[in-house]
Each structure stands twice: as structure tokens, then as C-alpha cells.
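Novice: Got a structure for you, questions after.
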Amino acid sequence: MILKVISSEAIVFEGEVTSVMLPGEKGAFTVLNNHASLISTLVAGKIVYTAGDKESEIMIGGGIVDVDNNIVSVCIF
């Protein structure tokens, strides 16, 4: 699946991932390949994603996420 993380200043990350964990308003949740479509608000915390065999994280102050057709689009602030 494709993860896109963007801020008002730049594209923070865009690439193929196998999983992504997001800090949702109701608690952290993980998105895997073929996940059901959803839209959610995000709170301050970290996005943790796995690309290949490497796990990485991005600290965020909040934002929104849209998951649809194996594309995870995250707008952060």
C-alpha cells in the first residue's frame, strides 16, 4: 500500500509500506493492506510505518487520515 504524509510545507513521506500505525482520537490504530475505507482525525503522537524491513516514525501535532484503495493519505500539522 502507499503512504503519503504531507504538511503545509512539504511532502514528509511518500512510498510503499506494509503497515502504518496512527494516533487516532479514540486511540492508536493500525492500517494494513486492503484495509476498509475510513476517515479519522489524529491527535499528537507518532506515525509508525514499516517499509521493507525498516520501521520508521514521524512525530505529529495532529491531523487527519483518509484510507481508500490501499492509499493512506495523512495531512499533518
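Novice: Would you mind counting up the charge near K4? Only other residues with Cβ under 14 Å from its Cβ, with Lys and Arg at +1 and Asp and Glu at -1. Please list the in-between numbers first.
Specialist: Working: positive: none; negative: E14, E16, D66, D68.
So the surrounding residues net to -4.
Novice: Roughly to the nearest percent, how much of the accessible area of the chain is carbon and sulfur, given a 1.4 Å probe? Walk me through the intermediate numbers first.
Specialist: Numbers: 2530 of 4510 Å².
Exposed carbon and sulfur together represent 56 percent of the surface.
Novice: Follow-up. Check H35: other-chain or 5+ apart residues with amide H under 5 Å from its amide H, H built from backbone geometry?
Specialist: N70
Novice: If I model the chain as equal point scatterers sitting on the Cα atoms and use the Debye formula, what is log10 I(q)/I(0) at q = 0.26 Å⁻¹?
Specialist: Computed log10 I(q)/I(0) values: -1.38.
Novice: Moving to a separate point now. Would you mind working out the accessible area per residue for the chain, using a 1.4 Å probe, and quoting it in Å²?
Specialist: Working: 4510 Å² over 77 residues.
Per residue, the chain has an accessible area of 59 Å².
Novice: Same structure again: T18 to T41: extension gain in nm, 0.36 nm per residue of separation minus the Cα-Cα distance? Can you show the working numbers first?
Specialist: Details: separation 23, 0.36 × 23 = 8.28 nm, distance 2.15 nm.
Contour length minus Cα-Cα distance gives 6.1 nm.
Novice: Run the simple label-point estimate for K26 and T50 please: 7 Å along Cα→C-beta, distance reported in nm.
Specialist: Result for the modelled spin labels: 2.5 nm.
The values are calculated or read from the model by the stated rules, or taken from the named source; none is laboratory data. These numbers come from a predicted model, not from an experiment. Ideal geometry is used to build each Cβ from the backbone, glycine not excepted, and the neighbour counts take in all protein chains shown. The area values use the complete protein model at the heavy-atom level, side chains included, leaving out ligands, DNA and RNA. Shrake-Rupley method; radii C 1.70, N 1.55, O 1.52, S 1.80 Å.
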